[in-house]
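These notes concern the structure reproduced below.
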Amino acid sequence: MQEISPEKISEQLRNGDGKPLVLDIRHREDFEEWHIPGSINVDVYDELTDNPEQAKGPLSDLPREEEIVTVCAAGVVSETATEVLQELDYNAVTLTDGMNGWSRVHRHAEVPANLDGTLIQVARPGKGCLSHVLISAGEAALFDPSHYLAEYEAILDEYHAELVGVFDTHAHADHVSGAVELADRHGVPYYLHPEDALAIDATPVEDGQSVTVGSLDIEVIHTPGHSEGSVSFDVDGVALITGDTLFHESVGRVELGVEAGIEDAEVEQNAATLYESLQRLLNRPDDTVVLPAHDPGSPEPPVTATLAEIKERNTDLSRDRDEFVEELASDIPDHPPNFERVKRTNVGQESVPTDELAELELGPNNCAAE
């Protein structure tokens, strides 16, 4: 059985030259919730599972001039799809580990910013996650890293930088943080606000605190609402790393910590708190570069916008306080998959075996209010 790695398919899709036809054979509802951009869906999952011969009819109308990459959740049923396609004389291969494998892919690029140093954005297109690496005078800090640490180690090596600190903007609900493991590996502090560090060993950060990396100052801004311990980081007055507090076209949702059972709070109060937190960020200079922890779809780094641009296009920011609270407290989107366990893991209340992390995170992030 021929396979193609998630990293290779990522590069082919990214470059656009001779890219294959990505065929997702999962159920239509699963495809619509989360899929590789540009892929097509032929829902033959049940046929491939029960009687692969029955899948030949629906699969016979695919174009024959392109290589086909089959995709399912974990790369098992799609292997059967590849076998059927090959029997039909198609040039077909299987995406290794399916959407699970796609979720592991990371890409990075430098962020254009007027800093005495380098700011690198790491995008995880399969999850819509964004993390950041700040490098100045040979020192480095990481913000919101995933648990796939090889990407960050490679960046540190590429820029010959020494890691001096790892930061989480909050206890995430859509993916398990790799910050603690990375900090332990390098013997450096792991920074998290005490309101989110419920049962985890972290160096506390508080509002107004400043941490130096090389020649740059990082100011801590406590911006609760999405979670009680959410913070944003002002990087030398030039960039704002906003976590899940402020996205380019939305804001963070306010009920996840409550529904996960780790916050003793009212959703309406969280929404009001988030409104006040956003006002603090909106008072920053309009040319500030805003760098959230998520971007919908399949982000291609660098994903950036100035505060002025966000004020223009983010409709959540145009609501008055009462309308904002009512909207966020009443309009609840689908939850991130397994968000309760993910939250408990990130606050230190649960330990998930390494071989279960990928499946735990499988699915879209869904951390924005809309």
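Listing for the model above:
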read-out: 5 angstrom amide H check on Val213, placed H, neighbours 5+ away; value: Ile218
read-out: Phi to ³J(HN,Hα) by Karplus 6.51 cos²θ - 1.76 cosθ + 1.60 over the range 234-244, Hz, x for Gly, Pro; value: 8, 8, 6, x, 10, 10, 10, 8, 9, x, 9
read-out: Normalised contact order of the chain, rounded percent, pairs of Cα under 8 Å and 6 or more residues apart; value: 15 percent
read-out: Over the chain: helical MRE at 222 nm, DSSP H runs n ≥ 4 each giving -39500 (n - 2.57), nearest 500; value: -8000 deg cm²/dmol
read-out: Candidate values (1) 19.8, 67; (2) 21.4, 65; (3) 22.2, 70, label of the one derived for Rg and Dmax of the Cα atoms in Å; value: (2)
read-out: In sequence order, calculated HN-Hα J values of the range 56-63 (Karplus, 6.51, -1.76, 1.60; Hz; x Gly/Pro); value: 5, x, x, 8, 7, 8, 6, x
read-out: Heavy-atom accessible surface of the chain: percent carbon and sulfur, 1.4 Å; value: 42 percent
read-out: Charge dipole (debye, nearest 20) of the range 96-197; +1 at Cβ of Lys and Arg, -1 at Cβ of Asp and Glu; value: 320 debye
read-out: Residues whose placed amide H lies under 5 Å from that of Gly178, excluding near-sequence neighbours; value: Ser146, His147
read-out: Per residue value of the accessible surface for the chain (all protein chains in place, 1.4 Å probe), Å²; value: 40 Å²
read-out: Calculated FRET efficiency for the pair Gln54/Glu158, C-beta based, R₀ 41 Å, to 0.05; value: 0.25
read-out: Farthest positive-ward along the range 12-123 dipole, Cα basis, beta-carbon charges - from His106, Leu48, Ala81; value: His106
read-out: Label-point separation, Glu300 to Arg280 (7 Å along Cα→Cβ), nm; value: 3.6 nm
read-out: Cross-link partners of Lys19 among lysines (Cα-Cα below 25 Å; sequence separation of 8 or more within a chain); value: Lys8, Lys56, Lys127
read-out: Electrostatic dipole magnitude of the range 144-184 [Cβ: Lys, Arg +1; Asp, Glu -1; Cα centre; debye, to 20]; value: 100 debye
read-out: The range 14-54, relative contact order in percent, only Cα pairs under 8 angstrom and at least six apart counted; value: 38 percent
read-out: Counting DSSP beta bridges with both ends in the range 102-172, the antiparallel % (nearest 5); value: 75 percent
read-out: In order through the range 38-45: 3J(HN,Hα) via Karplus (6.51 cos²θ - 1.76 cosθ + 1.60), integer Hz, x for Gly, Pro; value: x, 6, 10, 10, 10, 7, 10, 4
read-out: Charge-dipole axis of the range 108-221 as Lys and Arg at +1 and Asp and Glu at -1 on Cβ define it, positive-most pick from Tyr148, Gly178, His132; value: Tyr148
read-out: Relative contact order of the range 69-171, defined on C-alpha pairs under 8 angstrom at six or more residues apart (%); value: 17 percent
read-out: Rounded to the nearest 20 debye, dipole of the chain from Cβ charges on Lys, Arg, Asp, Glu; value: 640 debye
read-out: The chain - share of DSSP beta bridges that are antiparallel (%, nearest 5); value: 60 percent
read-out: Inter-label distance for Asp116 and Glu356, nm, one decimal - labels placed 7 Å from Cα along Cα-to-Cβ; value: 4.8 nm
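The values are calculated or read from the model by the stated rules, or taken from the named source; none is laboratory data. A quick note: this is a predicted structure, and the numbers were derived from the prediction, not measured. All Cβ positions, even for glycine, are placed from backbone atoms using ideal geometry, and neighbour counts span all protein chains on display. We work out accessible area using only protein heavy atoms, side chains counted, and drop any ligands, DNA or RNA first. Shrake-Rupley method; radii C 1.70, N 1.55, O 1.52, S 1.80 Å.
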